[in-house]
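A quick write-up on the structure given underneath.
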Amino acid sequence: MIKSFWLIFFLLGLKAHLNSQVFTLVDSIQFQNANIWGVVSDQGDSLCVTTINTITAKPHIYLRKVNYNDIDFQSAVKQLTFDSDFSSFTNLTDHKSIILNKEFYIAFSTVGDQDLFIFKTDINGNRIGGLVPVVQGSPDPTNDMILVTDGTHIYVLHFDPPFQHHVYKFDTNLNPVGSSYSTTTLQHNNIGNALYINNEFYMFTGSTFGYNSNLVLTKWSSAWSASLGAPQNILSAAGGEGNWFSTGEIYDSVNQRWYISMNHIYSSQSIGQEHIDLLAFDKDLNLLERKHVTQINHTRPHLVLKGNYLYLSFDQPGIGVYLHKYQVQNTIGIEPQGLMAEQAPGPISIFYPNPNQGITEIFFNHSAVQKDFVLTNLFGQTLKKISISPKTENATLNFSEYPSGIYFLKTKRGNKIYKLIKN
């Protein structure tokens, strides 16, 4: 009776604890054949990711589709650009992609950051038409561009130093609409992103680049021609730190929250050592949670919200592109952590914590009889065998001797599998 009381007390406290935070990491992968940039978009039934990779002599943009429930399951990689695209100019560098009316729109800059192009494909990555020049021979840098839609037109923006953007407007067939122009008010840094909400563009950027940078919001009219109010300081720099590169931006209209992913750097670090922060704000932009989600030297975050899950892509320059899946906590409730939903119920009712540092508590269902398990790594290699007394209600699992990553706890007969994440 005493054990049952403390178990109930612990689980109630666990639920309250989890509801007090916003983001809980539930899965993480590194994409194969992906060097830099991982831009995510929602197709509806799958997560679409465009990345840059160098398989041949030149870097190219590739598309893959990822299963929302099991992010380990991915489609074959589809090549979107080809050597023939670059017969008369230099290779591509940065890129952005969005989906509109079941078509992909991809903008990219070239080496030297003087040229900017846009093209489109169908939803499966088959090219529709050729490359369309946005600007060529620009005296201003075209990298770190912004690509956004109002649902009717496509807008491409690139830096107009020191604190503005050049704006280019296209129809869905990539015909230019009007002449290009520049924003002229509201000081902001170029590295960020934009959302179109209620006939207004919301642009989240740093107030400057690197150190002493605040995260700021500027609001613009539907034509980018007039500012709406003064810049709003969202997150202040403290002690010389920097908050910028906020390329991941989502507005959750159901829960009335903003989700922002950005680069953060401490004043004691060098440029290039920044890490990624994930932030949640309420509708009035009051900070709800700030989470450091990577180690140093990670950058270029992008976000997709699907149901109660947030998908974060980012890269580690020269190493690879990664995807994190977070459960977003809200007033609707929580789902058991550590339990793979498609396999419930099983002998285990919950793990806590999960993700963890290699030590987690296992709580068993009352009816569980079989409590013999095998711990494996992501490649299926058996690391240890675990046998627990049938009368045990909860036990501690220690796998701290293994490196950070994804592990699986399988019943001895292999009919139930539980995922564990060690940070």
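Each row is one residue, and each column tells you yes or no for (1) at pLDDT 80 or above; (2) in a strand (DSSP E or B); (3) aromatic (Phe, Trp, Tyr); (4) within 19 Å of Val26 (Cα to Cα).
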| position | (1), (2), (3), (4) |
| --- | --- |
| Glu361 | yes, yes, no, yes |
| Leu375 | yes, yes, no, yes |
| Lys384 | yes, yes, no, no |
| Ser389 | yes, no, no, no |
| Thr392 | yes, no, no, no |
| Ala395 | yes, yes, no, no |
| Glu401 | yes, no, no, no |
| Phe408 | yes, yes, yes, yes |
| Gly414 | no, no, no, no |
*Hey, can you tell me all the residues within segment 235-256 that are buried (at least 21 other Cβ atoms within 10 Å of the Cβ) and farther than 15 Å from Ala194 by Cα?*
Leu235, Ala237, Gly242, Asn243
*Quick one: Glu289 ticks every box in (1) closer than 23 Å to Leu186 by Cα; (2) out of contact with any Gly (no Cβ under 7 Å at 6 or more places or on another chain); (3) in contact (Cβ under 8 Å) with a residue 40 or more places away in the chain except a single one, so which number is it?*
(1)
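Is it fair to say Trp244 is among the hydrophobic types (A, V, I, L, M, F, W, C) and assigned to a strand (DSSP E or B)? Before you say what the answer is, go through the steps one by one.
Details: among the hydrophobic types (A, V, I, L, M, F, W, C): yes; assigned to a strand (DSSP E or B): yes.
Judged against the criteria, Trp244 is a match.
Looking for whichever is modelled with pLDDT under 95 and over 26 Å from Phe408 (Cβ atoms) here; the options are Ile71, Ile52, Ile61. Which one fits?
Working: Ile71 fails: over 26 Å from Phe408 (Cβ atoms); Ile61 fails: modelled with pLDDT under 95.
Result of the check over Ile71, Ile52, Ile61: Ile52.
From the list Val167, Val254, pick out the single residue that is among the aliphatic types (A, V, I, L, M), closer than 21 Å to Lys96 by Cβ and either in the same structural domain as Pro139 (by TED's automatic domain parsing) or outside any strand (DSSP E or B) (or both).
Values: Val254 fails: closer than 21 Å to Lys96 by Cβ.
Selected residue: Val167, the only one of Val167, Val254 that is among the aliphatic types (A, V, I, L, M), closer than 21 Å to Lys96 by Cβ and either in the same structural domain as Pro139 (by TED's automatic domain parsing) or outside any strand (DSSP E or B) (or both).
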_Members of segment 34-54 that are assigned to a loop (DSSP other than H, G, I, E, B) and either under 19 Å from Asp70 (Cα atoms) or in contact (Cβ under 8 Å) with a residue 24 or more places away in the chain (or both)_ = Ala34, Asn35, Gln43, Gly44, Asp45, Ser46
_Restricting to segment 395-423, give me the number of residues that are in contact (Cβ under 8 Å) with a residue 60 or more places away in the chain, buried (at least 17 other Cβ atoms within 10 Å of the Cβ) and not charged (D, E, K, R)._
5
_Residues of segment 60-76 that turn out to be surrounded by fewer than 19 Cβ atoms within 10 Å (Cβ to Cβ) and without any contact (Cβ under 8 Å) to a residue 60 or more places away in the chain, as a count_ = 7
*Hey, can you tell me all the residues within segment 165-176 that are farther than 13 Å from Asp144 by Cα and surrounded by 13 or more Cβ atoms within 10 Å (Cβ to Cβ)?*
Val167, Tyr168, Lys169, Phe170, Thr172, Leu174, Pro176
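The values are calculated or read from the model by the stated rules, or taken from the named source; none is laboratory data. These figures come from a predicted structure and were not determined experimentally. Cβ coordinates were reconstructed from backbone atoms using ideal geometry, including for glycine residues, and neighbour counts include every protein chain displayed.
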